[in-house]
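Read the structure below first, then the notes.
The values are calculated or read from the model by the stated rules, or taken from the named source; none is laboratory data. Remember, predicted model here, so these are calculated numbers, not experimental data. Cβ coordinates were reconstructed from backbone atoms using ideal geometry, including for glycine residues, and neighbour counts include every protein chain displayed. In case anyone asks, the SASA skips ligands and DNA or RNA and just uses the protein heavy atoms, side chains included. Shrake-Rupley method; radii C 1.70, N 1.55, O 1.52, S 1.80 Å.
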Amino acid sequence: MAKIISGKEVSAQVRADVRAECETLKQQGITPGLAVIIVGDDPASRVYVNNKKKACADVGFLSEEYTLPAQTTQEELLDLIEKLNNKKEINGILCQLPLPKHLDEKAVINAISPLKDVDAFHPSNVGRIMIGDYHFLPCTPAGVMELIHSADIDVNGKNCVVIGRSNIVGKPMAMLLLHENGTVTICHSRTKNLKEICRSADILVAAVGKPKFVKADMVKEGAVVIDVGMDRDENGKLCGDVDFNEVEPLASYITPVPGGVGPMTIAMLMKNTLMAAKIQNGVLNNA
Ligand code: GUN
């Protein structure tokens with residue numbers, strides 16, 4: 001029987017810490033501010049953006065929402081980003097992805113000032129993560145590391161397998177595990193012997209985006225299993241990339257869906273925004 005790592009509990013603790021630090025900053029006349037841009041009316045994005053706004057209110061941040069119509073031009077979007085880059089009250093800028101097809105996501109990410117890039121998607125922040133010299137981490141991998149630490153799991157020398165190679169989760173996830181001296185393998189759709197590789201994992205992180213993809217025969221007894229998935233099963237019910245019922249009896253630790261990695265992502269966004277406010281106000285050095 002696995003121990004359940006509760007993202008609900010750990011994220012509440014992270015948010016409480018951010019709230020306390022925000023209170024201290026406010027006494028120095030600094031209120032962290034996050035701007036969230038949403039283009040179009042994707043229902044999932046709407047839910048995420050609402051949750052981000054609620055989280056800001058919960059920890060005491062200023063939040064501004066910019067809802068733009070689906071037909072917004074690239075120039076209009078870049079103009080808004082430029083305005084927010086120069087707006088003193090705003091410390092973090094997040095442009096909710098995916099964007100409508102006619103907009104150039106890469107150009108939008110590149111336009112956000114690296115100092116306000118609380119998603120850590122800008123190439124300059126990605127590069128800093130690569131060399132282990134960073135302030136901002138992409139929220140989901142950072143949340144996974146926080147969960148691993150909360151359970152006192154030592155990554156040092158462990159075989160870590162990450163399934164998925166996205167820029168947002170898989171690649172930075174691998175890098176963070178490597179920084180903690182894990183021996184890291186990234187698996188993807190072209191990987192041969194996926195089952196065998198997964199079975200070698202002491203720590204298995206599933207970020208594939210396929211419901212219940214990880215089955216019992218892919219997991220070593222006693223492994224730590226982290227589920228980044230947010231999928232729907234055959235009945236439309238929310239589930240993860242891991243078949244929880246099959247895998248839980250085998251694992252030593254496992255994260256549930258919902259209530260695992262999901263709540264951590266927003267908590268880490270709050271942490272990044274706090275960090276951005278500290279750097280921009282000279283409370284912390286950006287060197
Ligand atoms: N869409 C889904 N996840 C994310 C995220 O972490 N950041 C942004 N900007 N958009 C997303």
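Taking the numbered list (1) of a type outside the set (Gly, Ala, Ser); (2) under 17 Å from the mean Cα position of the chain (by Cα); (3) at pLDDT below 95 in turn, Asp42 passes all entries but (2). For segment 253-261, does any single residue satisfy the condition of being within 16 Å of the ligand (Cβ to nearest atom) and not aliphatic (A, V, I, L, M)? Yes, segment 253-261 contains at least one residue that is within 16 Å of the ligand (Cβ to nearest atom) and not aliphatic (A, V, I, L, M).
Scanning segment 162-179 for residues being surrounded by 18 or more Cβ atoms within 10 Å (Cβ to Cβ) and either under 16 Å from Ala201 (Cβ atoms) or among the basic types (Lys, Arg) (or both) gives a total of 10.
Selection over segment 30-62 of residues that are in contact (Cβ under 8 Å) with a residue 12 or more places away in the chain and within 12 Å of the ligand (Cβ to nearest atom) gives a count of 12.
Restricted to segment 119-159, and to residues there that are more than 16 Å from the ligand (Cβ to nearest atom), closer than 25 Å to Cys198 by Cβ and open to solvent by less than 50 Å² (accessible area, probe 1.4 Å), the residue that is nearest to the chain's Cα centre (by Cα) is Leu147.
Screening Phe61 on (1) closer than 21 Å to Leu274 by Cβ; (2) out of contact with any strand residue (DSSP E or B) (no Cβ under 8 Å at 6 or more places or on another chain) shows it passes everything except condition (2). On the stretch given as segment 94-112, residues that are surrounded by 18 or more Cβ atoms within 10 Å (Cβ to Cβ) and among the small types (Gly, Ala, Ser) total 1. Every test in (1) closer than 30 Å to Ala12 by Cα; (2) within 16 Å of the ligand (Cβ to nearest atom); (3) buried (at least 17 other Cβ atoms within 10 Å of the Cβ) is passed by Leu115 save one, and that test is (2).
Filtering segment 63-93 down to residues that are outside any loop (DSSP other than H, G, I, E, B) and open to solvent by 60 Å² or more (accessible area, probe 1.4 Å), which residue is nearest to the ligand (Cβ to nearest atom)?
Thr67
Applying the criterion of being of a type in the set (D, E, K, R) and in a helix (DSSP H, G or I) to the residues of segment 31-62, the residue that is most open to solvent (accessible area, probe 1.4 Å) is Lys54. Between Val118, Val47, Val39, Val108, the distinction of being touching a Cys at 6+ places or on another chain (Cβ under 9 Å) and within 20 Å of Met270 (Cα to Cα) belongs to Val118 only.
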